[in-house]
Amino acid sequence: MADATFWDKAAKKYAASKIKDVPAYEATLDRTRDYLHAQDHLLEVGCGTGTTALTLSSAVKRITATDVSGKMLEIAEGKQQSQNITNVSFVQSEITKPLADAPFDAICAFSILHLVDDLPKALSHLRSQLKPGGYIISKTACLRDMNRFIPAMIKIMKFFGKAPHVILFDASELEDNFRRAGFEIVETGYFGKNPDTRFVVARRPA
């Protein structure tokens, strides 16, 4: 699985880290809920240690939450047990692996699309896992919109095993990839202090 070893090693530190911009995170989830319904089966890809899936669990009927890292999912399942949440299933899986529960009513992809091996392939696959008329709700780091030294720093960090694989694109390229994958862009924007992290909601046409 792509970068599973990196994220397994990072799991404990990742779980202990604090959300940097809590108001932005909460605003993102509030806007996400506007696209969800009580009877939905939601897929979250790249769920990490499960915080978002567990937070959104009250907004939908059921959530399947996937991640490549087994260590991340162990932490997620521990949170789930402590919170006594029963409608979330955590599954170790790559983003492009077909799931038996597909198609889903909606898909969340937060802080993951810049980490995939092949963005067009990933978006095309997610479209195939989504019901016609369903939404993919995403928030993605657009590294080409950041300080021009960031990509070079990431390349060096990756060489020393301190960063995962990432792909470079700006917000416009990200949105173009959604369109080429057969989605209709419904909403784009930013939340909080970071203008380099793009919120995109896209719909699979009915």
Original post:
Taking the Cα centre of the range 31-152 as origin and charging only Cβ (+1 Lys, Arg; -1 Asp, Glu), how large is the dipole, in debye to the nearest 20?
Top reply: 240 debye
Subject >> Computed P(r) (all Cα pairs; the range 1-93; 5 Å bins; percent) >> reply: 3, 14, 23, 24, 21, 12, 3, 0
Original post:
Between LYS18 and ARG31, 0.36 nm times their residue separation minus their Cα-Cα distance comes to what?
Top reply: 2.6 nm
Original post:
Say a paramagnetic label sat at a point 7 Å from the Cα of LYS131, along Cα to Cβ; which residues of the range 54-92 have their backbone N under 18 Å from it?
Top reply: 57-65, 88-89
Original post:
In nanometres, what is the gap between the two model label sites at ARG148 and THR55, each 7 Å from Cα along Cα-to-Cβ?
Top reply: 3.5 nm
Original post:
Using the heavy atoms of the protein chains alone and a 1.4 angstrom probe, what is the accessible area of the range 36-125 per residue in square angstrom?
Top reply: 42 Å²
Original post:
Can you list the HN-Hα couplings for the range 165-171, worked out from phi with the Karplus curve (6.51, -1.76, 1.60; θ = phi - 60°), rounded to whole Hz and with x for Gly and Pro?
Top reply: 4, 9, 10, 9, 7, 9, 4
**OP:** Taking H placed 1.01 Å from N in the peptide plane, check which residues at least 5 places from LEU130 or on another chain put their amide H under 5 Å from its amide H.
**Re:** PHE104
Original post:
Modelled label-to-label distance, GLU184 and LYS9, 7 Å Cα→beta-carbon offset: nm?
Top reply: 4.6 nm
**OP:** For the range 16-22, take each phi angle, set θ = phi - 60°, evaluate the Karplus expression 6.51 cos²θ - 1.76 cosθ + 1.60, and give the result in whole Hz per residue in order, putting x for glycine and proline.
**Re:** 7, 6, 8, 5, 6, 10, 4
Original post:
In nm², what is the average projected area of the convex hull enclosing the Cα atoms of the range 48-157?
Top reply: 8.1 nm²
Subject >> Computed label-point distance, nm, for sites GLN39 and ASN194 using a 7 Å Cα→Cβ extension >> reply: 3.7 nm
Original post:
Taking the mean number of other Cβ atoms within 10 Å as a proxy for protection, how do you rank 130-136, 94-100 from highest to lowest?
Top reply: 130-136, 94-100
Original post:
Share of antiparallel DSSP beta bridges in the chain, in percent to the nearest 5?
Top reply: 40 percent
Original post:
So what is the relative contact order for the chain, in percent, with contacts set as C-alpha pairs under 8 Å and at least six apart?
Top reply: 20 percent
Original post:
What residues qualify as long-range amide H neighbours of ASN87, i.e. H under 5 Å apart, gap of 5 or more or another chain, H built at 1.01 Å from N?
Top reply: none
Original post:
Taking amide H positions as placed 1.01 Å from N in the peptide plane, with prolines and chain starts having none, which residues 5 or more places from CYS47, or on another chain, fall under 5 Å of its amide H?
Top reply: THR66, ASP67
Original post:
What percentage of the solvent-accessible surface of the chain, computed with a 1.4 Å probe over protein heavy atoms, is contributed by carbon and sulfur atoms?
Top reply: 52 percent
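The values are calculated or read from the model by the stated rules, or taken from the named source; none is laboratory data. Predicted, not measured: the structure shown is a model, and the values here were computed from it. Cβ sites come from the backbone with ideal geometry, for glycine too, and all protein chains shown count toward neighbours. Keep in mind that these areas ignore ligands, DNA and RNA; they rest on the heavy atoms of the full protein, side chains included. Shrake-Rupley method; radii C 1.70, N 1.55, O 1.52, S 1.80 Å.
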